1. Can you work out which of the residues in the stretch A:164-202 that are assigned to a loop (DSSP other than H, G, I, E, B) and either within 12 Å of DNA strand B (Cβ to nearest atom) or acidic (Asp, Glu) (or both) is surrounded by the most Cβ atoms within 10 Å (Cβ to Cβ)?
2. Going through the stretch A:203-236 one residue at a time, which ones are surrounded by 15 or more Cβ atoms within 10 Å (Cβ to Cβ), among the acidic types (Asp, Glu) and closer than 21 Å to A:Ala166 by Cβ?
3. Taking the stretch A:229-242, which residues are within 23 Å of A:Asp613 (Cβ to Cβ), more than 8 Å from DNA strand B (Cβ to nearest atom) and in contact (Cβ under 8 Å) with a residue 12 or more places away in the chain?
4. Within the stretch A:606-629, can you find the residues that are surrounded by fewer than 18 Cβ atoms within 10 Å (Cβ to Cβ) and not small (Gly, Ala, Ser)?
5. Within the stretch A:337-364, track down each residue that is surrounded by fewer than 17 Cβ atoms within 10 Å (Cβ to Cβ), more than 12 Å from DNA strand B (Cβ to nearest atom) and of a type in the set (D, E, K, R).
6. Hey, could you check the stretch A:370-396 for residues that are part of a helix (DSSP H, G or I) and of a type in the set (A, V, I, L, M, F, W, C) and say which is surrounded by the most Cβ atoms within 10 Å (Cβ to Cβ)?
7. Among the numbered criteria (1) assigned to a helix (DSSP H, G or I); (2) over 24 Å from A:Ser172 (Cβ atoms), which single criterion is violated by A:Thr74?
8. Of everything in the stretch A:274-284, what is buried (at least 23 other Cβ atoms within 10 Å of the Cβ) and more than 16 Å from A:Gln505 (Cβ to Cβ)? Give them in sequence order.
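The values are calculated or read from the model by the stated rules, or taken from the named source; none is laboratory data. All values derive from a computational prediction rather than experimental measurement. Note: ideal-geometry Cβ built from the backbone for every residue, glycine included; neighbour counts use all protein chains shown.
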Amino acid sequence: MFANKPVPLLSFTTKASYSQFSTAIFHPFFSSLRANPSLFQTKQAHAHIIISGLAGNASLMGHLLTILALSPSTPFDYSQSIYQTITNPNVFASNNMIRCFAKSESPLKSVLFYSSMLRNCVRPNNYSFTFLLQACGKGIGFNEGVQLHGHVVKLGFGEDVYVRNALIHLYSSCCKVESSKKVFDESPHNRDVITWNAMLAGFARDGRVDVVESMFDEMPERDVISWNTMIMAYVHNGKLEEGLECFRRMRGIGLIPNEATLVTVLSASAQLGLIEHGRLVQSIIDSLNIPLTVTLGTALLDMYAKCGCIEQSRLLFDKMPQRDISTWNVMICGMASHGRGKEAIALFERFLNEGIRPVNVTFIGVLNACSRAGLVKEGKRYFKLMTDNYGIEPEMEHYGCMVDLLGRAGLVSEAIEMIENKVVSPNPVLWATLLCACRIHGLIELGENIGNKLIELDPSYDGHYVQLANIYAKSRKWDEVIRVRRLMAERNTNKIAGWSLIETQGRVHQFVAGDRKHERSLEIHKMLEVIETRVAEAGYVPNLSSVLHDIGEEEKENAIRVHSERLAIAFGFLVIGAGDCIRIVKNLRVCTDCHEVSKIISRVFEREIIVRDGSRFHHFKEGKCSCLDYW
DNA sequence: CTAGGGTTAG
């Protein structure tokens, strides 16, 4: 009866008269369909019910609606048509109709349905409210939810733990975590692990990590989801190391992580650029035999790309049995961030050929790729494709890519036009992007204009001063360089402390400029001297323009010498096996001088160095960088 | 006869 091919109904009907069957014979089919919903088989069951003259039966139709509510993609009209055949709807059938509404595009319609249910004198029960409150949470129906909360209390379901949990979940979905907390506090004896988890998730969404932490410690019992929620609270609120530490503790007590755990932990590893940790997660996935779903595969793909292993990323991409739009986006953006513009574009073309509809993020990757590969014509064409063919409204990021693309190609007036004509409110970020182009192309006058304008707009941000000074330095206007540096010092701008990190044997070593705190500091500085000697022999002359302070020449050289990136490289030579590449993650942009030195190091030591800075990768190899000296 | 909490991309 439930094979994948249509069943010859006639042969079935000739065997017996349906009136002989009780409704009970359908129940085995319902339970198998609940476990494994299939629209086709549900329709078959429906057909049999109709033939047997039971289409008006509330219980049978209620079961069909349950299955439809559980199915991944349900034609909503179908659920409604089923409900309409019921001669005398009971609360069971109505509850499952609410569930179908909750899953639909407009979940709040379930509330309208609820009032019609009341008019028809169908009395709601505790199930009704869990489904209704769920629907309100999905549709962000705060007002509807509050009214339903009133009904819950009035009708006496206020102590049902399912209903209470649904209320907590509803309020936190509507960003009213204080209301969630009220419900939570009202009934201390009426809590289970789900109550606590819902409450944790509410505070996590609200960014109150400290509260999540203390509640987590207070919980009488914790399951995998409690741990996942705790880890997510850290990771989604920028406390990446804490997230990883929590994951370590979770494994320490012998709890088996599941897919959600691993996806979150991979995201933290990716953001931190910790390839060793990422590989550890991969080995956990392998040893637990966790199936590589699209979500998990995409998270892995992203981790490899963000940790500098774009080849690994690509191998995994080619092996994945299933991909969705995010998978493609991650792969395209990853390629672009590694400066492999042509490959990113080839992927995008393949993606279009497979008939997938690109979204805004896809185009950020594609436009970035064009910019990195210097493909001006293509970039313009894709920008037009995005707006004209796919109706995607360009966001600031898209304009940013275009300004970068045009500026890099030296088409400065077109870039200015783009900024001035297309954006409703001109954004400083776009001008800063163009300022970068001025530095590369040595456009002093324009750079001066833009730089001064930006400094005026935000005198406390040091990045604009640095760029302007770099522009002056490029044309050897040292007086101006000194003037800008002084201005910056006088105004005491907010300097973001730069750091570089390197990972080895599961440990993370983070350096700041001039760092002498590392346990192997002496060796590191000795290694630095060796590097310097070899680099100087290769003809390197320090470029003083990158030094931030207005100090004597000799000291300037010292200041460059101990940039965090160089300390990390020197340490890398000490701990990374010969032949293996040195991977470094930085928070800020690579300075001109460090970039130059890194190139030379890669040549004279025959060592590949991969540096991830704030927005892209630099692969230093054989004296060249993958960014082609434009960043 | 039906129920609840956690997951990726710029």
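1. If we filter the stretch A:164-202 for residues that are assigned to a loop (DSSP other than H, G, I, E, B), which is where we start, we get A:174-176, A:187-192.
Still in the list and also either within 12 Å of DNA strand B (Cβ to nearest atom) or acidic (Asp, Glu) (or both): A:187, A:190-192.
On the way: A:Ser187: 13, A:Asn190: 14, A:Arg191: 18, A:Asp192: 13.
For the stretch A:164-202, the residue satisfying everything is A:Arg191.
2. Correct list: A:Asp206 only.
3. First, pick out the residues of the stretch A:229-242 that are within 23 Å of A:Asp613 (Cβ to Cβ): A:235, A:238-241.
Filter once more, so that each one left must be more than 8 Å from DNA strand B (Cβ to nearest atom): A:238-241.
Passing the criteria: A:Lys239, A:Leu240, A:Glu241.
4. Hits for the stretch A:606-629 are A:Glu606, A:Glu608, A:Lys621, A:Glu622, A:Lys624, A:Leu628, A:Asp629.
5. Step one: list which residues in the stretch A:337-364 are surrounded by fewer than 17 Cβ atoms within 10 Å (Cβ to Cβ), which gives A:342, A:346, A:349-350, A:352-357, A:359-360.
Filter again for more than 12 Å from DNA strand B (Cβ to nearest atom), leaving A:342, A:346, A:349-350, A:352-355.
Matches in the stretch A:337-364: A:Lys342, A:Glu349, A:Arg350, A:Glu354.
6. Checked the stretch A:370-396; the qualifying residue surrounded by the most Cβ atoms within 10 Å (Cβ to Cβ) is A:Cys370.
7. (1)
8. If the condition is that a residue be buried (at least 23 other Cβ atoms within 10 Å of the Cβ) and more than 16 Å from A:Gln505 (Cβ to Cβ), then A:Val281 is the only one that fits.
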